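For reference, the structure is listed below as C-alpha cells.
The values are calculated or read from the model by the stated rules, or taken from the named source; none is laboratory data. Nothing here was measured: the structure is a model prediction, and the numbers come from that model. Heads up, the Cβs are rebuilt from the backbone with ideal geometry, glycines too, and the neighbour counts pull from every protein chain shown. Remember, those area values only see protein heavy atoms, side chains included, never the ligands or the DNA or RNA. Shrake-Rupley method; radii C 1.70, N 1.55, O 1.52, S 1.80 Å.
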Amino acid sequence: MILVTGATGKVGGQVVAQLREQGVEARALTRDPKRPGEVYGDLTDPATLDAALDGVDKVFLVWPTLSADERAAEVLKKITERVRRVVYLSSAGAEEEPDPVNSSHRMIEGLVRESGVEWTFVRGGGFAGNDLGWVAGIRDGGVVREPFGGWARSLVHEADLAAVGVRALLDDGHVGAAYAVTGPEALTQRERVEIIGEVIGRPLRFEELPQEEARAYFETWLPPEAIDDTFEDMRALTARPEPVTTAVEEITGRPARTYREWVADHARDFAGSL
C-alpha cells in the first residue's frame, strides 16, 4: 500500500492516477473527510494520520510548505516510524537557496534523511502548473502582466514529476538519490505567453509589470522576507536561464513533456468556453 499526500493537487493527483493505472494500490490523503474514495488526514495534526498510515509501506510526500513547518518533526516521526520508504517532492533549490520556501524543503529533507527510512527526493525546478495563475488575465483581456519578462525557466509538467516519483516508489534503484527534475527547454515568460496563445488560438500580450507593483501583489501570498529573495532569483534566471536536466528521460525512459504539450493538456483552463 502506498499513501500519497497532497493527493488532490496537481502532482499528487497524477501520482495516484499513475499508480492505479499500473495496478498498484494507492491511498489518497485528503483534509476533507467527506471526499469519497479518499482517506482523511491532516499533515498539520499528526493525531489524524494513524488510520491513513495503517498498512502503508511507502509514502509519496507532498508537504504543505511553511504552513505546517512548526510540527514537521512530529509529523515526520509519525510517518517514518510506520513506513519503509518516503519519496519527497522537494525543490531544486533545497540544497543551498536561502529563501524561506527552499529552507523549508531543506529542513524536510533533513528530517527524512535522519529518520533512517529509504528515501528519494524529487527536486522539481519550475512547475508548469504555476502558470495557471495567468488564467484570469488571459480569459479577461488576453494580457499577462509579470515582472522580469526575460525570466527563463525549464518548467516541468506535473505528469513528469509524478512519473519520476512513481518509479522511485516502485523501483529499488532510486533509494538515496536526489533528482533535479526539469522540462526539456528553458523558456522566458514572454515565450510562454506566446506559446499559450498559439495553442488556444488567441492573440495574447505580455506586459512587463513594474517591480513595486509586483511587490504589492507578491505580498498577498508570500512572506515579506521571501520577496527580495524571489526578485533576486528572477534577476539571476533572467541573466542566466535555469539549467535543463535529463532526469525525466533517464528515469522513466521517455523524454520530458514540452511546455507546449503542457499547455495543450490545460488548454480548456486557459481558453474557458471560447
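Quick notes on this one:
- Degrees, to the nearest 10: 158-170 long Cα axis against longest axis of the chain: 20 degrees
- 0 to 90° range, to nearest 10: angle between helix 10-21 axis and the chain longest Cα axis: 50 degrees
- Taking only the C-alpha atoms of the chain, Rg followed by Dmax gives 18.9, 54 Å.
- Whole-percent carbon and sulfur share, accessible surface of the chain, 1.4 Å: 48 percent
- Once backbone amide H atoms are built at 1.01 Å from N, Thr245 has Thr182 as its partners under 5 Å, excluding neighbours fewer than 5 places away on the same chain.
- Helix 189-200 and the longest principal axis of the Cα set of the chain meet at an angle near 90°.
- Using a probe of 1.4 angstrom and keeping all protein chains present, the accessible surface of the stretch 58-119 works out to 44 square angstrom per residue.
- Think of the chain as having a plus end and a minus end, set by charges on the Cβ of Lys, Arg, Asp and Glu; of Gly9, Ala178, Gly133, Gly9 sits farthest toward the positive end of this dipole.
- Over the chain, relative contact order from alpha-carbon pairs under 8 Å, at least 6 apart, %: 18 percent
- Gyration tensor over the Cα atoms of the stretch 52-201: the corresponding equivalent ellipsoid has semi-axes (square roots of 5 times the eigenvalues, largest first) of 33, 16, 14 Å.
- Couplings 3J(HN,Hα) of the stretch 120-132, computed from phi: 9, 10, 9, 8, x, x, x, 8, 4, x, 5, 6, 5 Hz, in residue order, whole Hz [Karplus 6.51 cos²θ - 1.76 cosθ + 1.60, θ = phi - 60°; x for Gly and Pro].
- Only the Cβ atoms of Lys and Arg (+1) and of Asp and Glu (-1) were treated as charged; on that basis the dipole of the chain about its Cα centre amounts to roughly 780 debye.
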